Amino acid sequence: MTHPFLFLQWIEQQLHLHIGEHVTYTWFVMALLILVAFLASRSITMVPSGVQNLMEVVVTGIDGLIEETMGKEGKAYFPLIATFALFILVCNLIGLVPGFYPPTANLNTNAALALTVFVLTHVVGFKKHGIGYFKHFMGPIIWLAPLMFVIEIIGHIARPLSLTLRLFGNMYGHEIVLMIFLALVPLFLPIPMMLMGVLIAFIQTFVFTLLAMIYVAGALEEAH
Amino acid sequence: MISVDWTLLLQFLNFMILLVILNKLLYRPLKKIIDERDETITGSYARAKDLEADIDEKMRRYQQQLNDAKVEANAERNKLKKLASEEEAAILAEAQGKATVRLKSIKTQVANEASDASQTLKGEAKSLAGQITTKILGRELA
């Protein structure tokens, strides 16, 4: 199934880069976010207004969510979680604009993000608990430990898999449905799907960010 | 079509670059200003509370001083009143004494004049009686 016309893809084909639309649109999203960040922090005032105010609301909101989920020591992970949230949200949303392709509809983007969370979880666990991090895998009853270990390993591997596929399925599926509806009734049928697309974009961002926070919080807390 | 290839690492790199740039450009300045604002608000709030406590203390002291002054003024007033009433009694007593003396002297004078008058009257009464008798009898009294 071929994609419809994509702006940046056309530019990229002119330059003969052969890099894949998800990368070019990722660069586009990065440029967009950096532009917004620059506008927000250009002239910082005590009483905020405009873009600074908007970004402050976003930052304070995510900060509150992190404190709720991860507690006081979670504040160090704020940049990563906030970047997850902003990046995935903008990636999902630009997919709704005709002529743009959401980078999160590609397995590579999602796998990169999910593997980041996976590696972060274990690095944090080992850094905080040392070798005692293995106690997290043992479970509550000591003589069930071997069985629990296998189950925990499977569960831990399932995490990046589920994170990737959940986001990928939502975004790619949405794209496919939009393409089919576009082929059927070009002007009116995709509109309800696009409205749902906005909702899905926000929900998937929230779910990914929340799960990332919970996994890291799970690695930070004491084992039972 | 749907495959995981080397672009996974490329995307990871992209994400890391974005993280570093956003951290420097957005999160640090905004967190700084949010913390600054919190401190200003807490500082201002604490200062307002201190000022309020100060004002309360000053009001209390002012009231206290007012009360003390009132009590003192009352005591002073009572003392003066007592003095004044004592003086009043003294003056009254003196005047009373003077009046009694005067009255006595006048009474004595009046009594004297009365006895003088009665003496004179007695003498004249005798001569008057002789005159009346002479008039009535038509002749001289023997």
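Just a few scattered comments:
- All positions within region A:37-51 that are crowded, with 19+ Cβ neighbours inside 10 Å and closer than 24 Å to A:ASN92 by Cβ: A:ALA37, A:ALA40
- Total residues in region B:1-30 satisfying the condition of being more than 22 Å from A:VAL119 (Cβ to Cβ) and either more than 7 Å from chain A (Cβ to nearest Cβ) or open to solvent by 40 Å² or more (accessible area, probe 1.4 Å) (or both): the figure is 5.
- Exactly one residue out of A:PHE181, A:PHE202, A:PHE188, A:PHE206 is open to solvent by 80 Å² or more (accessible area, probe 1.4 Å), aromatic (Phe, Trp, Tyr) and farther than 24 Å from A:GLU68 by Cα: that is A:PHE188.
- Selected residue (only one of A:THR109, A:THR60, A:THR116 is over 18 Å from A:LEU210 (Cβ atoms) and facing another protein chain (nearest Cβ under 10 Å)): A:THR109
- Test result for B:ASP56, under 30 Å from A:VAL119 (Cβ atoms) and either open to solvent by 60 Å² or more (accessible area, probe 1.4 Å) or more than 11 Å from every other protein chain (Cβ to nearest Cβ) (or both): no
- Qualifying positions in region A:35-44 - more than 8 Å from chain B (Cβ to nearest Cβ) and within 13 Å of B:ILE33 (Cβ to Cβ): A:ARG42, A:SER43
- Listed by first and then second residue, the pairs with beta-carbon distance under 6 Å, at least 6 apart or on different chains, first residue in region A:120-135 and closer than 21 Å to A:PHE84 by Cβ, second at pLDDT below 85 and among the hydroxyl-bearing types (Ser, Thr, Tyr), are A:GLY125/A:TYR133.
- Options A:LEU96, A:LEU120, A:LEU113; residue that is at pLDDT 85 or above and not in a helix (DSSP H, G or I): A:LEU96
- The one condition in (1) open to solvent by less than 70 Å² (accessible area, probe 1.4 Å); (2) at pLDDT 80 or above; (3) more than 29 Å from A:LYS75 (Cβ to Cβ) that A:GLY139 fails to fulfil: (2)
- Residue in region B:31-48 that is under 30 Å from A:ALA112 (Cα atoms) and either more than 7 Å from chain A (Cβ to nearest Cβ) or not β-branched (Val, Ile, Thr) (or both) present: yes
- Residue count for region A:176-201, restricted to those that are out of contact with any Leu (no Cβ under 7 Å at 6 or more places or on another chain) and within 15 Å of A:CYS91 (Cβ to Cβ): 1.
- When region A:67-86 is filtered for residues that are hydroxyl-bearing (Ser, Thr, Tyr) and within 13 Å of another protein chain (Cβ to nearest Cβ), the ones remaining, listed by number, are A:TYR77, A:THR83.
- Residue in region A:125-135 that is out of contact with any strand residue (DSSP E or B) (no Cβ under 8 Å at 6 or more places or on another chain), β-branched (Val, Ile, Thr), farther than 22 Å from B:ASN14 by Cα and in a helix (DSSP H, G or I) present: yes
- Residue tally, condition over 15 Å from the mean Cα position of the chain (by Cα) and either farther than 15 Å from A:ASN92 by Cβ or open to solvent by 50 Å² or more (accessible area, probe 1.4 Å) (or both), over region A:147-175: 12
- Test: residue in region A:52-71 that is small (Gly, Ala, Ser) and either part of a loop (DSSP other than H, G, I, E, B) or open to solvent by 50 Å² or more (accessible area, probe 1.4 Å) (or both): yes
The values are calculated or read from the model by the stated rules, or taken from the named source; none is laboratory data. Note that this is a predicted model, so its numbers are computed, not measured. In this analysis, Cβ positions are derived from the backbone assuming ideal geometry, glycine residues included, and neighbour counts consider all displayed protein chains. Surface areas here come from the heavy atoms of the whole protein model, side chains and all, with no ligands, DNA or RNA. Shrake-Rupley method; radii C 1.70, N 1.55, O 1.52, S 1.80 Å.
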